[in-house]
Each structure stands twice: as C-alpha cells, then as structure tokens.
Amino acid sequence: MKTPTESRRRISSEESLRLWREYKRTGDIKLRNRLVMTYAPLVKYIVFKKVRELPARCEVEDFISCGLEALIASIERYDPEKGATLEQFAWTRIHGAVLDELRRQDWAPRSLRRWERDITRAREQFSGLHGRRPTREELADALAISVEDLRRRQDDISVSDVTSLNTLVISDDETTVERMDTLASSDPRLDPEQAASVTEGKEKFRRAFEKLPQREREVAVLLYVKNLTLREIGEILGVSESRVCQIHSQLKRTLKSELATDGMLFSAVG
C-alpha cells in the first residue's frame, strides 16, 4: 500500500503521459482525478506567484477554483501530438485562466491598468536610482506627462480600486480585522461624548418626571408608553378628553421649565 507521500510524489512526463493515455482509453474518472491531484500544486504555485498583483477585492480561493477548472479542461483537451508535455500544456491553460479571471473581476479598462503598472515601475526605478521616492513633478517628468495628467490618472486608479468591506487588514495592534471594523461610524450614538450627554440628559428627565403629580405621570405613561389617544385616556381616568388635554399641556410646561437647559431633549420627548 502506498503512503500519502508516495501517492503525492511528482511523476515524470512519461508517467503522466501513460496515465493520461490510460484515462483516454478507459474513461476511468479515478485516473483523471489522479492526474488532477498530481498537478494541483501547479495551480497554487501559479496563483500565489501572482498574489501580489491581485487587488485586495479579489479572493485567492476564486482564482484557485478557476485554476483547477482550467487544469481539468487541459487534461480533457490535451493532445500529445502537438509536442508539449501535459504539464506544459496545463501550465499555459491555468496561467491564461487566472489572467482571464483577473480581467473579469476588474471593471477598470486595461489602459488604466497599464498606466498603473507604468507609474509603479517609474516610481520604483526613480527610488532605485536616487534612494528616495520621487515628487509628483519628478514622477510626471519620468513618465513624460504633465503633473495635472498624472494627478488625474492617479485619481482614476484610486477610484477603480474597489475593496470588499470584509477584506482582512492589519489593525494598529498587528491583529487582522475586517476592513469595515476600521471605518469611522457616522452614528452619533457610538460617539462616547454624545453617549455620555444622552445618558446625563435621560437622568435629568427622569428626575424631572418623578417630580410631576401622579395624575400627570399617569397621562404621560398612557400617552407616550401605551400610545393611547386622549379620548381613550379620558375613559380610563374617568375624565373628559379636554381635561386630559389640559393635564398634558400642564405636564409639558412643567417639564419644559425643569429642562430649560436641555431644550433639545424636551423636544424629543414632548
């Protein structure tokens, strides 16, 4: 019985050709799967070799899946009469499939990506010669374009780099977090200062509410907590609707007086 190491060992071109011919003769899917497992590391090698070129929005797993599909297709379409080995043919097909998938996921035009590569190359060459990063003027001069044209192209490149909010990034404490966790929230409730002000305001309102007569507190609860109408409240308290309206007006005046310095809070509850 073969050990796992022996079953995964790299086979020669002659062995893979014999295995391929046997698969084409018998159609045994197990033989095809053995070829796939043999050359699967080739897929990872090609994909991870291009990882640095992949935008942050792209998932490596997508490219590995794409590469494996290309590997299976190459096994099916391989023709040894054309001179290439199965590994050479698979390499070409996998590499091409990865590039096609990268272009498919990138909505920016190819001309913009060429400018991105040219700008990066010019910046690296300048840094290698002068030991520092070039200024925008120096970079524009190296590319033989105007500073305004360079600025416009860099803006277009920045806009084109769409990133998933679920992408993992390195946080300040060197741990990995999702990009959405690094974005500042626009929700004022999450602002510590705002939250402290709201808490203090609620406490002031609670103390003012406790000073109200019992009948006014009852009307407030029925109106704002139970969401009853003035007529329904009158029926419960045994008074007319107009009397409920008077009690309501009185409790608002009392609270407004007590919360004179917190007018915004009063308007929110009244």
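Scan segment 92-115 for residues that are within 23 Å of Ala144 (Cα to Cα) and modelled with pLDDT of 80 or more and report the count.
Looking only at that region, the number is 1.
Under the condition of being surrounded by fewer than 18 Cβ atoms within 10 Å (Cβ to Cβ) and under 37 Å from the mean Cα position of the chain (by Cα), which residue from segment 69-86 is farthest from Trp20 (Cα to Cα)?
Only one residue tops the list, namely Glu69.
For segment 66-102, give me each residue that is among the polar types (S, T, N, Q) and either touching a residue at least 24 places away in the same chain (Cβ under 8 Å) or over 14 Å from Tyr39 (Cα atoms) (or both).
Thr85
Regarding Gly201, is this residue within 30 Å of Leu259 (Cβ to Cβ), small (Gly, Ala, Ser) and modelled with pLDDT of 55 or more?
Yes; evaluated as a whole, the condition is true for this residue.
So Asp191 ticks every box in (1) modelled with pLDDT of 85 or more; (2) surrounded by 10 or more Cβ atoms within 10 Å (Cβ to Cβ) but one. Which box is left unticked?
Among (1) modelled with pLDDT of 85 or more; (2) surrounded by 10 or more Cβ atoms within 10 Å (Cβ to Cβ), the lone unmet condition for Asp191 is (1).
Which of the residues that make up segment 231-248 are within 26 Å of Ala260 (Cα to Cα) and either modelled with pLDDT under 85 or among the hydrophobic types (A, V, I, L, M, F, W, C) (or both)?
Within segment 231-248, Val244, Cys245, Ile247 qualify.
Which residue pairs have Cβ atoms closer than 6 Å, lie 6 or more positions apart in sequence or on different chains, and pair a first residue in segment 125-152 that is outside any helix (DSSP H, G or I) with a second residue that is hydroxyl-bearing (Ser, Thr, Tyr)?
Arg133/Ser127
The values are calculated or read from the model by the stated rules, or taken from the named source; none is laboratory data. Quick caveat, the model's predicted, so the values are computed rather than measured. Glycine also receives a Cβ, built like all others from the backbone with ideal geometry; neighbour counts cover every protein chain displayed.
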